[in-house]
Amino acid sequence: MVTELNHPLVEHKLAILRDEKTGTKKFRELIGELAMFLCYEAMRDAKLDEVKVKTPLEEMTTGMINEDKYAFVPILRAGLGMLDGVISVVPNAKIGHIGMYRDEETFEPVNYFFKVPKEIEKREVVLLDPMLATGGSACDAIELLKEKGVKKIKFLCIIAAPEGLEIVKKKHPDVEIFCTKIDRELNENKYICPGLGDAGDRIFGTK
């Protein structure tokens with residue numbers, strides 16, 4: 001249930017993203033581009049409705065996705081950086097938000113905001129967060145969505161730590177995880193190594 005994108009173009013963009021010299025504008029653009037690649041992969045099993053379209057030459061039968069069946073839910077605030085990328089793939093999907101921050105002493109996630117579209121339980125939900133570190137925020141967000149009746153959830157992240165992956169797989173084995181890279185480990189401060197620093201700070205230029 002874990003898919004790691006292995007592609008030269010992804011590796012190339014990740015190298016620029018990781019570089020401490022990469023500025024806010026470029027960092028933000030790359031997060032969006034990588035999110036778009038992840039969304040393409042996550043939508044591989046999307047169901048198509050049969051429709052008729054008229055080309056300049058003739059009428060034909062083809063397939064289209066019912067975008068209304070999908071919802072993107074970024075975990076605030078860093079998940080917002082991935083939103084433009086996924087919306088470019090499925091522009092009519094509904095958008096929700098889950099607000100969380102990490103307690104700097106306990107490293108546990110603290111929930112402060114939850115707002116999702118109506119009838120969220122009828123949609124496939126794609127959860128967005130650039131970093132899957134301890135897995136605490138991901139598990140809490142997944143639990144909140146399941147409490148709302150959501151049956152199908154996918155989690156998209158840029159970088160994942162092995163420790164976080166194991167926690168999410170153990171607690172929510174039904175959730176598919178898509179990442180561009182699985183990094184080596186978490187350090188003593190629960191940051192992913194080699195990682196790319198604090199994704200939220202780098203996206204919004206707050207440090």
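Each reported figure results from applying straightforward, stated rules to the coordinates on display, with no laboratory input. What you are looking at is a predicted structure, and each value in this text was computed from that prediction instead of being measured. Here the Cβ positions follow ideal geometry from the backbone for every residue, glycine too, while neighbour counts run over all protein chains shown.
May I ask you to sort T22, T180 by Cβ crowding, counting other Cβ atoms within 10 Å and putting the fewest first?
T22, T180
Identify the trypsin sites (Lys or Arg not before Pro) of region 113-145 meeting these criteria: DSSP loop state and at most 13 other C-beta atoms within 10 Å of the C-beta.
K118
Just to be sure I follow the definition: excluding the sites themselves, where is the longest run in the chain that has none of the GluC sites (Glu not before Pro) in a DSSP loop with at most 12 other Cβ atoms within 10 Å?
120-187
Starting from the Cα of R102, step 7 Å toward the Cβ, then list every residue of region 168-199 with an amide N under 13 Å from that point.
185-199
Relative to the longest principal axis of the C-alpha atoms of the chain, give the angle of the C-alpha long axis of helix 136-147, reported between 0 and 90° and rounded to the nearest 10°.
The angle comes out at about 40 degrees.
As a test of the formula, what do you get for the chain when each DSSP H run with n ≥ 4 contributes -39,500 (n - 2.57) and the sum is divided by the residue count, at 222 nm and rounded to the nearest 500 deg cm²/dmol?
Rounded to the nearest 500, it is -9000 deg cm²/dmol.
Counting Lys and Arg as +1 and Asp and Glu as -1, each charge on the Cβ, what is the dipole of region 1-145 about the Cα centre in debye, to the nearest 20?
Roughly 440 debye for region 1-145.
Using the charge dipole of region 124-165 (Lys, Arg: +1 at Cβ; Asp, Glu: -1 at Cβ; taken about the Cα centre), state which of M131, A160, G149 has its Cα farthest towards the positive end.
G149
Short version: ³J(HN,Hα) in whole Hz for each residue of region 150-156, in order, from phi by Karplus 6.51 cos²θ - 1.76 cosθ + 1.60 (θ = phi - 60°), x for Gly and Pro, what are they?
Those phi angles translate into 5, 9, 10, 10, 10, 10, 10 Hz.
Among G23, G195, G63, which one shows the biggest mean-square fluctuation in a GNM of the chain, springs joining Cα atoms closer than 10 Å?
Top of the fluctuation ranking is G63.
What list do you get for C179, C157 if you sort them by fewest beta carbons within 10 Å?
Ordered from fewest to most neighbouring Cβ atoms within 10 Å, C179, C157 come out as C179, C157.
If you average the alpha carbon positions of region 92-161 and of region 36-89, how far apart do those two centres end up, in angstrom?
Taking the Cα centre of each part, region 92-161 and region 36-89 sit 20 Å apart.
Taking neighbour Cβ counts within 10 Å as the exposure measure, how do K151, K54 sort from fewest upward?
Going from least to most buried by this count: K54, K151.
Loop only per DSSP, at most 10 neighbouring Cβ atoms within 10 Å: give me the trypsin sites (Lys or Arg not before Pro) in region 1-44, ordered by residue number.
Passing sites in region 1-44 are K21.
How big is the antiparallel share of DSSP beta bridges in the chain, given as a percent to the nearest 5?
Bridges in the chain that DSSP calls antiparallel: roughly 35 percent.
Taking the Cα centre of region 25-76 as origin and charging only Cβ (+1 Lys, Arg; -1 Asp, Glu), how large is the dipole, in debye to the nearest 20?
The dipole of region 25-76 has a size of about 300 debye.
Please name whichever of F37, I120, P8 sits farthest to the positive end of the charge dipole of the chain, dipole taken about the Cα centre and charges placed at Cβ: Lys and Arg +1, Asp and Glu -1.
I120
Given a 10 angstrom Cα cut-off, can you work out which residue in F155, F113, F72 is the most mobile in a GNM of the chain?
F113
By how many nm would the segment from N6 to L76 grow when fully extended, if each residue of separation counts as 0.36 nm and the alpha-carbon distance is taken off?
Once the chain is fully extended between N6 and L76, it gains 22.5 nm.
Return the single residue from N92, N187, N111 with maximal mean-square fluctuation; model: Gaussian network over the chain, springs between Cα atoms under 10 Å.
The residue that fluctuates most here is N187.
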